[in-house]
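The values are calculated or read from the model by the stated rules, or taken from the named source; none is laboratory data. Just so we're clear, the structure is a prediction, and the values are computed from it rather than from any experiment. Neighbour counts are summed over all protein chains in view; Cβ atoms, including those assigned to glycine, are modelled from backbone coordinates with ideal geometry.
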Amino acid sequence: MHISEGVLPGSLLVAGWVLTALGTYVGLRRLDDRRIPLAALLSSAFFVASLIHVPAGPTSVHLVLNGLAGILLGWAVFPVLLTALFLQAVLFQFGGLTVLGVNTFNMAFPALIAYYLCKRLLQSEKKFSLTVAGVLSSFVAIMGAGLLVSLELFFTGEAFKKTAEIVFLAHLPVAFIEAFINSFTLLFLKRAVPEVLKEAV
Amino acid sequence: MFSLAVIDPRVKVVVLFLFSWGIALSPDFSTALSYLPFVCLSLVAAKGRILKLLKLLFVANTFLLFLVVTMVFTYESPRTVKVGALSLSVDGLVYGLLLLLKSSLILLLTASFLSTSSAFTVFHALHHLRLPANLCQILFFTYRYVHTVKEEYETMVKAAKCRGFRPENSVRTYRTFANIVANLLVKSYKRADRVYKAMLCRGFRGTFPVYHHFSLKREDIIFVVSSLFYFTAVVLWKF
């Protein structure tokens with residue numbers, strides 16, 4: 001969930017930008033010229049994936065797939081998600097320029113944790129390991145993002161206490177659905193283009 | 001008549017950035033409202049269609065509307081109004097309206113500043129403002145290919161629907177969407193490879209040569225000086 005402009009206090013906005021800038025710096029350092037078009041195309045792909053609405057009970061949710069992005073990109077997930085969120089801010093006005101730092105960090109940092117947790121699992125030949133990687137990356141990345149958003153709202157003020165709780169719980173159904181999506185996607189990639197999963201690590 | 005479209009995009013990005021922070025950090029209504037005339041002037045200068053902008057505002061503010069509603073119902077503040085079994089928080093409402101105002105001001109300002117330049121010019125301006133070169137390239141390519149990837153996605157969904165796929169709450173649906181996502185990724189990997197090879201053929205050395213350069217004109221300087229003057233006036237007045 002993107003936080004809107006004007007909600008968070010200055011200290012959090014600046015902290016978000018500093019952390020995102022650091023992550024982006026490391027991500028760009030690890031990205032050689034050869035992989036720049038790839039990073040851009042994956043950024044477009046994740047941008048488009050976030051437009052996919054999947055049925056969830058009586059309503060529908062849109063995919064986030066930051067866990068999957070983390071697994072495939074490692075540290076490069078920072079510049080890639082920064083780009084995708086910047087385009088969303090410019091094209092659809094979701095979020096905005098001052099909160100872009102916070103919003104990127106919320107998505108990219110849990111994705112990076114998912115990357116380190118799932119690194120080993122992707123090397124395995126067993127279907128079971130890939131399924132575990134899919135489920136793990138979904139829950140770590142989505143619930144991690146939900147936790148960060150809630151914490152930020154919580155520290156912003158007394159008034160947001162209940163909102164923070166609701167926001168955190170609202171991430172649960174998304175995490176469940178993406179657990180399926182991530183696992184099936186990883187299994188597909190293993191069958192169709194196994195080198196992609198090797199290259200990621 | 002003055003138009004934002006003729007202003008140097010570098011200047012626009014800097015002024016937009018400054019004002020976004022100024023509005024985002026406004027502590028109360030009077031500060032936030034003192035930016036209103038500037039936002040209105042930019043809207044006029046952008047010559048955008050007001051209705052279209054308002055519609056955009058409504059969609060973009062859904063997160064905030066949700067925030068305001070939950071705050072009104074859950075904030076345990078000193079001033080509350082009892083309506084039947086519910087207690088509505090007046091402070092929650094006031095606070096929520098302030099957030100809504102700030103967010104709307106920034107959105108309108110962003111829309112009027114950025115809609116008057118093409119996306120590529122904005123990226124180009126960011127490049128001149130010392131954004132790292134490879135980040136700029138990622139931006140360029142992402143913007144270039146986002147429509148292509150979206151078309152690919154639409155084709156795949158159409159194909160799935162032709163085969164009788166109907167989204168519902170089932171593992172089968174999730175598997176189908178996962179296959180579509182995976183296919184998008186595979187196509188993106190292959191396309192990235194082709195793009196890179198095509199660029200190598202054209203002698204790509206890690207940077208884009210720039211043929212068109214920006215130069216500050218008289219209008220740009222007038223614009224930036226008056227904007228800065230306005231901004232300082234608001235900050236000093238509050239200080």
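Candidates are the residues of region A:28-52 that are closer than 27 Å to B:Phe17 by Cβ and surrounded by 24 or more Cβ atoms within 10 Å (Cβ to Cβ); the one that is farthest from the other protein chains (Cβ to nearest Cβ) is A:Phe46. Residues that are at the interface with chain A (Cβ under 8 Å from one of its Cβ atoms) and touching a residue at least 12 places away in the same chain (Cβ under 8 Å) within region B:106-133 comprise B:Ile106, B:Leu107, B:Thr110, B:Ala111, B:Leu114, B:Ala119, B:Val122, listed in sequence order. With respect to B:Thr80, is the statement that it is at pLDDT 75 or above, surrounded by 13 or more Cβ atoms within 10 Å (Cβ to Cβ) and among the polar types (S, T, N, Q) true? No: the conditions fail for B:Thr80.
Pairs meeting the criteria (first residue in region B:160-171 and farther than 16 Å from A:Ile181 by Cα, second residue among the hydroxyl-bearing types (Ser, Thr, Tyr) and surrounded by 14 or more Cβ atoms within 10 Å (Cβ to Cβ), beta carbons under 9 Å, at least 6 apart or on different chains) are B:Ala160/B:Thr176; B:Phe165/B:Thr173; B:Phe165/B:Thr176; B:Arg166/B:Thr173.
A single entry from B:Val72, B:Val81 fulfils the requirement of being assigned to a helix (DSSP H, G or I), in contact with a strand residue (DSSP E or B) (Cβ under 7 Å, 6 or more places away or on another chain), in the same structural domain as B:Val14 (by TED's automatic domain parsing) and more than 30 Å from B:His212 (Cβ to Cβ): B:Val72. The one condition from (1) part of a helix (DSSP H, G or I); (2) more than 19 Å from A:Ile113 (Cβ to Cβ) that A:His2 does not meet is (1). Name the residues in region B:205-218 that are over 9 Å from B:Asp8 (Cα atoms) and away from chain A (no Cβ under 14 Å), would you? Passing the criteria: B:Pro209, B:Val210, B:Tyr211, B:His212, B:His213, B:Arg218.
Could you say whether any residue in region B:171-184 is small (Gly, Ala, Ser) and facing chain A (nearest Cβ under 9 Å)? Yes, region B:171-184 contains a residue that is small (Gly, Ala, Ser) and facing chain A (nearest Cβ under 9 Å).
Restricted to helices (runs of 4 or more DSSP H) entirely inside region B:90-185, those with at least 1 residues that are over 30 Å from B:Tyr211 (Cα atoms), touching an Asp or Glu at 6+ places or on another chain (Cβ under 6 Å) and in the same structural domain as B:Ala46 (by TED's automatic domain parsing) are B:90-114. Within region B:15-28, at least one residue is in contact (Cβ under 8 Å) with a residue 40 or more places away in the chain, surrounded by fewer than 20 Cβ atoms within 10 Å (Cβ to Cβ) and farther than 19 Å from A:Phe86 by Cα.
Selection of region B:98-115 for residues being polar (S, T, N, Q) and buried (at least 21 other Cβ atoms within 10 Å of the Cβ) yields B:Ser103, B:Ser104, B:Thr110, B:Ser112. In region B:177-194, the condition of being under 25 Å from the mean Cα position of the chain (by Cα) and surrounded by fewer than 19 Cβ atoms within 10 Å (Cβ to Cβ) is met by no residue.
Restricting attention to region A:53-74, the residues that are surrounded by 21 or more Cβ atoms within 10 Å (Cβ to Cβ) and in a helix (DSSP H, G or I) total 8.
Among the candidates A:Leu73, A:Leu82, A:Leu136, A:Leu112, the residue that is within 22 Å of A:Ala15 (Cα to Cα), more than 9 Å from chain B (Cβ to nearest Cβ) and out of contact with any strand residue (DSSP E or B) (no Cβ under 7 Å at 6 or more places or on another chain) is uniquely A:Leu112. Is there a residue in region A:33-40 that is of a type in the set (A, V, I, L, M), in a helix (DSSP H, G or I) and touching a Pro at 6+ places or on another chain (Cβ under 7 Å)? Yes, there is a match, as at least one residue in region A:33-40 is of a type in the set (A, V, I, L, M), in a helix (DSSP H, G or I) and touching a Pro at 6+ places or on another chain (Cβ under 7 Å). Being surrounded by fewer than 17 Cβ atoms within 10 Å (Cβ to Cβ), of a type outside the set (Lys, Arg) and more than 24 Å from A:Val14 (Cβ to Cβ) is a property that B:Pro37 has.
Within region B:111-135, the set of residues being closer than 19 Å to A:Ala84 by Cα and modelled with pLDDT of 85 or more comprises B:Thr121, B:Val122, B:Phe123, B:His124, B:Ala125, B:Leu126, B:His127, B:Leu131, B:Pro132, B:Ala133, B:Asn134, B:Leu135.
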